[in-house]
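Input: a single structure, listed below in structure tokens.
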Amino acid sequence: MIAAGIAAAAAPALAAAQGGGGSANAARFSLAYAPHEGSFASRGGLIEQIAFAADQGFRAWEDNEARKRPIAQQNAMAKALADRGMTMGVFVASMPAWADFRPLLGGNDDAERDAFLADITSSVEIAKRLDAKHMTVVTGFMDRRVPEDIQTARVIDLMRRAGDIVAPHGLVLVMEPLNTRTNHPGVYMQSIARGYAVARGANSPGVKILADLYHEQIQSGNLIPTMEACWPEIGYIQFGDNPGRKEPGTGEINYANIVRWLRARRYGGVIGMEHGNSVADRAGEERLVAAYRAIDAA
């Protein structure tokens, strides 16, 4: 059904995207789906891609790497989004050292927790510059030398302290649970349910969950009931189909049903398009727009 919807949506998407920059009159999506740099790579650099996304009706943008960008580029991105009436989604406030399986935020070394908090502190000004309200955090890796319950207590305490840093500025840290089966072996936070436990323990308006449904489908499944149970602590959502981590309609997740559920919940936040394109170049970009048209029409 979703594949048929993509095919039906593809014709107007193809027509709008032929040749130049696309149609400036494309209907805006009903939900704030957020592409990222690379979603529309054929259209030019970062600012050109933002402009193209806006022309296709996208209402938001996200950028995991924004923290690393020069200040001038951060300012340019913020201006481009403001000029187009688009919302800035997440950027990563404290990037893990993936290859080293660090940090161990529930381990015995306070230095790793202190470094994490320093990253959070310095990210506040970046968030203000970008007019971002949410920042992604990864709660580190498991320390096999420390009992899991002790690690959980330490992570809760750390996130409460991090929340104290950002909440006075109206900012929210969204903790991202990650799958261990395909992408991130050894991470501490492996499910939305664990994120819920940490967020409830931290008890801070500045600490919520990033519900990345690609990761959750791999690790736990049961997406809608899980979101229903954990909804008070979910602050941000990301899409990506499984297997493959590409646009909706390429895998097993029924994103049309997810969209219907989010509408019923009156979700007004950003939905990050945390995935690649299943087809290369412009054909893939056109398919991407069509895929989101199809689920948005659900």
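The values are calculated or read from the model by the stated rules, or taken from the named source; none is laboratory data. Note that this is a predicted model, so its numbers are computed, not measured. Ideal geometry is used to build each Cβ from the backbone, glycine not excepted, and the neighbour counts take in all protein chains shown.
Can you pull out the residues in segment 116-153 that are in contact (Cβ under 8 Å) with a residue 60 or more places away in the chain and out of contact with any helix residue (DSSP H, G or I) (no Cβ under 9 Å at 6 or more places or on another chain)?
Within segment 116-153, just Thr136 meets the criteria.
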Checklist line | Residues of segment 80-108 that turn out to be surrounded by 13 or more Cβ atoms within 10 Å (Cβ to Cβ) and either over 26 Å from Ile271 (Cα atoms) or of a type in the set (D, E, K, R) (or both), as a count | finding: 8
Check: Does Ile253 satisfy the condition of being outside any helix (DSSP H, G or I), hydrophobic (A, V, I, L, M, F, W, C) and closer than 20 Å to Val172 by Cβ?
Finding: no
Notebook entry, point to check: From the set of residues in segment 222-279 that are surrounded by 21 or more Cβ atoms within 10 Å (Cβ to Cβ) and among the aromatic types (Phe, Trp, Tyr), which is farthest from Val207 (Cα to Cα)?
Noted result: Tyr255
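Restricting attention to segment 158-189, report how many residues are under 18 Å from Ile237 (Cα atoms) and either out of contact with any helix residue (DSSP H, G or I) (no Cβ under 7 Å at 6 or more places or on another chain) or buried (at least 21 other Cβ atoms within 10 Å of the Cβ) (or both). Before you say what the answer is, go through the steps one by one.
Looking only at segment 158-189, we keep the residues that are under 18 Å from Ile237 (Cα atoms), and these are 171-179, 189.
Narrowing further to those that are either out of contact with any helix residue (DSSP H, G or I) (no Cβ under 7 Å at 6 or more places or on another chain) or buried (at least 21 other Cβ atoms within 10 Å of the Cβ) (or both): 171-178, 189.
Within segment 158-189, residues that are under 18 Å from Ile237 (Cα atoms) and either out of contact with any helix residue (DSSP H, G or I) (no Cβ under 7 Å at 6 or more places or on another chain) or buried (at least 21 other Cβ atoms within 10 Å of the Cβ) (or both) number 9.
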Check: Only one of Ala9, Ala54 is modelled with pLDDT under 95, farther than 22 Å from Asp212 by Cβ, of a type in the set (Gly, Ala, Ser) and in a helix (DSSP H, G or I); which?
Finding: Ala9
Notebook entry, point to check: Looking at (1) within 26 Å of Phe141 (Cβ to Cβ); (2) part of a helix (DSSP H, G or I), which is the one condition that is false for Ala211?
Noted result: (2)
Check: Only one residue in Arg200, Arg287, Arg266 is at pLDDT 95 or above, within 28 Å of Pro103 (Cα to Cα) and basic (Lys, Arg), so which one is that?
Finding: Arg200
Margin query: Suppose we filter segment 261-283 for residues that are in contact (Cβ under 8 Å) with a residue 24 or more places away in the chain, of a type outside the set (Lys, Arg) and not in a loop (DSSP other than H, G, I, E, B); how many remain?
Written below: 7
Check: How many residues does segment 179-193 contain that are within 18 Å of the chain's Cα centre (by Cα) and either part of a helix (DSSP H, G or I) or on the phi > 0 side of the Ramachandran plot (or both)?
Finding: 2
Item checked: Pairs, first in contact (Cβ under 8 Å) with a residue 40 or more places away in the chain in segment 171-187, second among the charged types (D, E, K, R) and assigned to a strand (DSSP E or B), C-beta under 8 Å, six or more apart -> Val172/Lys208; Leu173/Lys208; Val174/Lys208; Glu176/Asp212; Pro177/Asp212; Leu178/Asp212
Check: Of the conditions (1) more than 21 Å from the chain's Cα centre (by Cα); (2) surrounded by 18 or more Cβ atoms within 10 Å (Cβ to Cβ); (3) assigned to a helix (DSSP H, G or I), Ala118 fails just one. Which one is it?
Finding: (2)
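Out of the residues in segment 52-79 that are surrounded by fewer than 17 Cβ atoms within 10 Å (Cβ to Cβ) and of a type in the set (S, T, N, Q), state the one that is nearest to Leu173 (Cα to Cα).
Looking only at segment 52-79, we keep the residues that are surrounded by fewer than 17 Cβ atoms within 10 Å (Cβ to Cβ), and these are 64-65, 68, 70-73, 75-76, 79.
Filter again for of a type in the set (S, T, N, Q), leaving 64, 73, 75.
Working: Asn64: 13, Gln73: 23, Asn75: 21 Å.
Top of the filtered list is Asn64.
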Item checked: Every residue from segment 59-103 that is touching a residue at least 40 places away in the same chain (Cβ under 8 Å), more than 22 Å from Ala127 (Cα to Cα) and in a loop (DSSP other than H, G, I, E, B) -> Phe101
Check: Just one of Met77, Met95, Met86 is over 19 Å from Val259 (Cβ atoms) and in contact with a Leu (Cβ under 9 Å, 6 or more places away or on another chain); which is it?
Finding: Met77
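What is the residue count in segment 214-232 for residues that are within 17 Å of Val187 (Cβ to Cβ) and part of a helix (DSSP H, G or I)? Can you show your working first?
Here is the first cut: in segment 214-232, the residues within 17 Å of Val187 (Cβ to Cβ) are 214-220.
With part of a helix (DSSP H, G or I) added as a condition, the list becomes 214-219.
The number of residues fulfilling the criteria is 6.
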Check: Which one of the conditions (1) within 18 Å of the chain's Cα centre (by Cα); (2) part of a loop (DSSP other than H, G, I, E, B) does Pro205 fail to meet, given that it meets all the rest?
Finding: (1)
Note to self: Of all residues being under 19 Å from Asn64 (Cα atoms) and among the hydroxyl-bearing types (Ser, Thr, Tyr) in segment 130-157, which is surrounded by the most Cβ atoms within 10 Å (Cβ to Cβ)? Just the residue, please.
What the structure shows: Thr139
